[in-house]
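Data block below; observations after.
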Amino acid sequence: MGEPSNITEFSVSEISTAIKRTVEDAFDYVRVRGELGRVSRPASGHIYLDLKDERSVISGVIWRGNASRLPIQPEQGLEVIATGKVTTFPGQSKYQMVIDALEPAGAGALMALLEERKKKLAAEGLFDETRKKPLPKMPRVIGVVTSPTGSVIRDILHRIADRFPLHVQVWPVRVQGETCGKEVATGIRGFNALEVGGTIPRPDVIIVARGGGSLEDLWGFNDEEVVRAAADSEIPLISAVGHETDWTLVDLAADLRAPTPTGAAEFAVPVKAELMTMVDDLNRRLSTSLTRLVQTRRTELRAASAALPAPRDLLALPRQRFDMVAARLEQGLSINTQSLRTRLTNASSGLRPALLSGQTAHGSERLENLKTRASQAFTNHVQRQRMKLDNLTQMLESLSYERVIDRGYAIVRDANGNPIAQAQTITEGDHLSLQMRGGTVAAVAGEGGPTPKSALSPKPTPVPLSPSLATSLEEHMAQEKAKSLQKTKKKKSKVSDDTQGNLF
């Protein structure tokens with residue numbers, strides 16, 4: 001072990017406290033110029049940033065109370081002058097600057113930042129002329145985004161009242177400070193969010209206005225959020241920020257830039273007196289034009305009527321034809337009436353009651369005779385047809401194979417019930433059926449061949465009447481009966497027609 005040392009021993013906290021006290025005593029209140037590097041805004045509301053130059057970096061913090069009072073918001077790349085004190089952060093053995101005030105390092109720094117932002121937004125097309133919307137000729141409601149207590153709103157209201165009194169809606173905002181940009185953007189979007197025909201009237205034109213000031217005072221109107229809100233506005237927007245020589249990015253995004261807030265009011269509304277004068281002038285010109293047109297048409301009508309014939313000449317010939325037709329009409333009516341009277345007299349002479357009674361009695365007698373003759377003819381025809389049917393029935397019965405069976409004959413059928421006409425078709429062992437008087441008997445063919453023709457009896461075997469022949473006979477009888485009924489109907493129809501002819 002080495003020799004004991006008489007150097008004083010310090011704890012870590014003692015060293016950190018001593019260093020903190022030394023730094024704060026040496027740099028109690030300083031102004032530091034540098035470029036802003038990293039800028040952080042946590043939810044606590046404090047702002048943490050880096051101040052740097054070409055060789056060194058100092059960490060800085062702006063407490064929430066001071067951050068809300070800054071004239072400009074810190075952004076990366078902005079050259080500023082920070083005022084505050086240097087202290088240490090013992091927890092990490094770091095030193096930092098607690099900033100009380102922050103201002104741009106001259107107007108050149110803000111202008112450089114403004115130009116850079118302008119190029120960025122222009123590249124996105126927010127300043128294109130194709131996005132500009134025309135202002136309405138006769139707006140009904142004017143929306144103004146500005147401070148409700150400044151002279152700007154009074155100037156706008158006074159100018160609108162002088163030119164053309166309209167309904168004006170004010171969206172109150174701060175026109176300077178940290179929250180200026182956000183409030184102005186909210187006002188623009190709020191007016192656009194109103195429904196057409198809703199409880200709160202939707203403006204036809206929006207005016208964003210503020211009085212003059214330095215670049216730092218107008219910095220809120222260079223905020224990106226304000227520019228984007230102005231470019232996205234569906235309602236035509238007039239920018240009137242500052243004086244004529246001042247300009248901001250919202251001027252470039254607006255549909256129209258006014259040199260002053262009063263000028264914005266003049267752009268937004270027409271002059272009522274001028275409109276009334278113009279309407280009177282147009283009314284006078286319209287009356288003069290109508291009078292001149294009527295006079296011209298009257299002159300043209302007179303010239304055209306001079307070439308037309310007189311009305312009495314146009315109507316003379318038709319009037320003469322009318323007189324001739326009227327005279328003929330009276331004569332024709334008389335002749336036609338006389339002719340019709342003669343025809344009526346001739347017709348009425350044959351309508352005596354006695355004559356009608358005689359004709360009716362004669363017609364009734366003829367009708368009775370015809371009915372009697374028709375009934376007798378129908379009865380005779382039915383008797384003839386009945387006799388013919390009886391003869392055919394007797395013929396059918398005499399030719400029926402069943403009558404042959406009754407005389408002692410039989411019909412031989414095979415196993416399928418088909419009649420067998422020749423013995424040569426039967427072979428030994430075939431199952432047969434014999435239909436005879438009194439019923440049918442089953443049989444089986446035995447030995448032996450067919451009987452020779454010479455051994456057969458010379459008496460001819462009756463040929464049974466086939467079912468097809470019986471059907472043909474029945475159809476023939478039905479057809480004959482139908483023909484007989486049809487002839488009877490024709491005779492009755494002829495008798496009826498003759499009777500009607502005699503009646504009339």
Within region 7-19, is even one residue farther than 29 Å from THR248 by Cα and either in contact with an Asp or Glu (Cβ under 8 Å, 6 or more places away or on another chain) or buried (at least 16 other Cβ atoms within 10 Å of the Cβ) (or both)? yes
What pairs come up if the first residue lies in region 181-201 and is under 29 Å from LEU218 (Cβ atoms) and β-branched (Val, Ile, Thr), the second is open to solvent by 40 Å² or more (accessible area, probe 1.4 Å) and outside any helix (DSSP H, G or I), and their beta carbons are under 9 Å apart, counting only those six or more places apart or on different chains? VAL184/TRP171; VAL184/ARG174; VAL184/ASP223; THR186/TRP171; ILE188/TRP171
Can you spot a residue in region 398-412 that is open to solvent by less than 70 Å² (accessible area, probe 1.4 Å), at pLDDT 85 or above, charged (D, E, K, R) and out of contact with any strand residue (DSSP E or B) (no Cβ under 6 Å at 6 or more places or on another chain)? no
Can you list residue pairs whose Cβ atoms sit under 9 Å apart, with the first residue in region 109-134 being open to solvent by less than 50 Å² (accessible area, probe 1.4 Å) and the second being of a type in the set (S, T, N, Q)? Count only pairs 6 or more apart in sequence or on different chains. LEU110/ASN222; LEU113/ASN222; LEU114/ASN222; LEU114/THR248; ARG117/ASN222
Any residue in region 37-49 that is more than 12 Å from ARG64 (Cβ to Cβ) and open to solvent by less than 30 Å² (accessible area, probe 1.4 Å) sitting within a Cβ distance under 6 Å of a residue that is outside any strand (DSSP E or B) and at pLDDT 90 or above? List the pairs, counting only those 6 or more apart or interchain. none
For region 207-234, enumerate the residues that are in a loop (DSSP other than H, G, I, E, B) and more than 23 Å from ARG154 (Cβ to Cβ). LEU215, GLU216, ASP223, SER233, GLU234
Just one listed residue, out of GLY143, GLY190, GLY197, GLY177, is more than 18 Å from ALA258 (Cα to Cα), under 44 Å from the mean Cα position of the chain (by Cα) and not in a helix (DSSP H, G or I), and it is GLY197
When you scan region 242-336 for helices (runs of 4 or more DSSP H) that lie fully inside it, which ones turn up with 2 or more residues that are small (Gly, Ala, Ser) and under 30 Å from ALA229 (Cα atoms)? 261-268
Every residue from region 343-352 that is assigned to a helix (DSSP H, G or I) and open to solvent by 100 Å² or more (accessible area, probe 1.4 Å): ARG343, LEU344, ASN346
Qualifying residues in region 206-249 (those that are of a type in the set (Val, Ile, Thr) and farther than 12 Å from ARG117 by Cβ) - the one most open to solvent (accessible area, probe 1.4 Å): THR245
List pairs: first in region 58-76 and within 21 Å of LEU218 (Cβ to Cβ) and modelled with pLDDT of 80 or more, second surrounded by fewer than 15 Cβ atoms within 10 Å (Cβ to Cβ) and not basic (Lys, Arg), Cβ under 7 Å, 6+ apart or cross-chain? ALA67/GLY45
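The values are calculated or read from the model by the stated rules, or taken from the named source; none is laboratory data. Computed from a prediction, not measured in an experiment: that's the story for all the values here. Don't worry about glycine lacking a Cβ; one is built from the backbone with ideal geometry, like all the others, and counts go over all protein chains shown. Each accessible area value is taken on the protein alone, full model and side chains, heavy atoms only, with ligands, DNA and RNA left out. Shrake-Rupley method; radii C 1.70, N 1.55, O 1.52, S 1.80 Å.
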